[in-house]
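Trainee: Supplied in structure tokens, the structure appears directly below.
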Amino acid sequence: MATSDEELVRAALSGDLQAFERLVDRHRDVVLRVPARIAGDDDAEDVAQDAFLRAYHRLARWRGEGAFRTWLLHIAHNSALDAVAGRRVEPMPLEEKLPDAPERTPAARLEAAERRRRLDIKLKGLSPTHRTVLVLRDVEGLSYDEIAAVADMPLGSVKGRLHRARAELIEVLRRNTYDWELPR
């Protein structure tokens, strides 16, 4: 049976560095993806390392009231926001998360890749807060409560910002209905 995050945290707090390494291995992918979409591909690795370092030094502050992953993503989110303060954000391309078109012809794959590229460009136009809630909910699949904990905002704000972010993205996509085939 797999060791729980709680057990690994307790072991790390008692000095077992391998336990913390297991936590890093377990959560590395999501801790890389979230900052990459907020801070950009170029800074994702640095932001993730910073987040894990901060988490290690603050491990005793995790009270176990929520999921360790949520607590860790809160740290990663804040690290990413620190990294983008005062500069243009370049989020990670969506190619890894969006499935290919059902057709496997080269033309269909090329068209799907072009749509993902255009969607990525449209996402860059959203504010970091809107992009954060949109990515955490619609790409990473976090619950509203988890997003509220990660982004350190009230649940109602999460829902409102997600609604506005989706509406803003849809409006941007509708401007070119040929590409996105969205009804008016």
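The values are calculated or read from the model by the stated rules, or taken from the named source; none is laboratory data. A quick note: this is a predicted structure, and the numbers were derived from the prediction, not measured. Virtual Cβ from ideal backbone geometry, glycine too; neighbours counted across all protein chains shown.
Trainee: Give just the number: which of (1) more than 15 Å from the chain's Cα centre (by Cα); (2) surrounded by 20 or more Cβ atoms within 10 Å (Cβ to Cβ); (3) under 15 Å from residue 129 (Cα atoms); (4) not polar (S, T, N, Q) does residue 77 not satisfy?
Mentor: With (1) more than 15 Å from the chain's Cα centre (by Cα); (2) surrounded by 20 or more Cβ atoms within 10 Å (Cβ to Cβ); (3) under 15 Å from residue 129 (Cα atoms); (4) not polar (S, T, N, Q) applied to residue 77, the lone miss is (1).
Trainee: So which residues in the range 21-42 are buried (at least 17 other Cβ atoms within 10 Å of the Cβ) and over 29 Å from residue 85 (Cα atoms)?
Mentor: Passing the criteria: only 22.
Trainee: Now, a different point. Checking the conditions here, which among 106, 128 is at pLDDT 80 or above, more than 25 Å from residue 144 (Cα to Cα) and out of contact with any strand residue (DSSP E or B) (no Cβ under 9 Å at 6 or more places or on another chain)?
Mentor: Details: 128 fails: more than 25 Å from residue 144 (Cα to Cα).
Checking each option against the conditions leaves just 106.
Trainee: Right, something else. Applying the selection to the range 34-67, what residues are under 18 Å from the mean Cα position of the chain (by Cα), in a helix (DSSP H, G or I) and among the small types (Gly, Ala, Ser)?
Mentor: 36, 39, 44, 48, 51, 55
Trainee: Can you say whether residue 118 is surrounded by 17 or more Cβ atoms within 10 Å (Cβ to Cβ), at pLDDT 75 or above, of a type in the set (Lys, Arg) and more than 27 Å from residue 56 (Cβ to Cβ), as far as the supplied structure shows?
Mentor: Details: surrounded by 17 or more Cβ atoms within 10 Å (Cβ to Cβ): no; at pLDDT 75 or above: yes; of a type in the set (Lys, Arg): yes; more than 27 Å from residue 56 (Cβ to Cβ): yes.
Answer is no for this residue.
Trainee: Please name all residue pairs, on different chains or six or more residues apart, with Cβ atoms under 7 Å, provided the first residue is in the range 38-54 and is under 20 Å from residue 122 (Cα atoms) and touching a residue at least 60 places away in the same chain (Cβ under 8 Å) and the second residue is hydroxyl-bearing (Ser, Thr, Tyr) and surrounded by 14 or more Cβ atoms within 10 Å (Cβ to Cβ).
Mentor: 38/132
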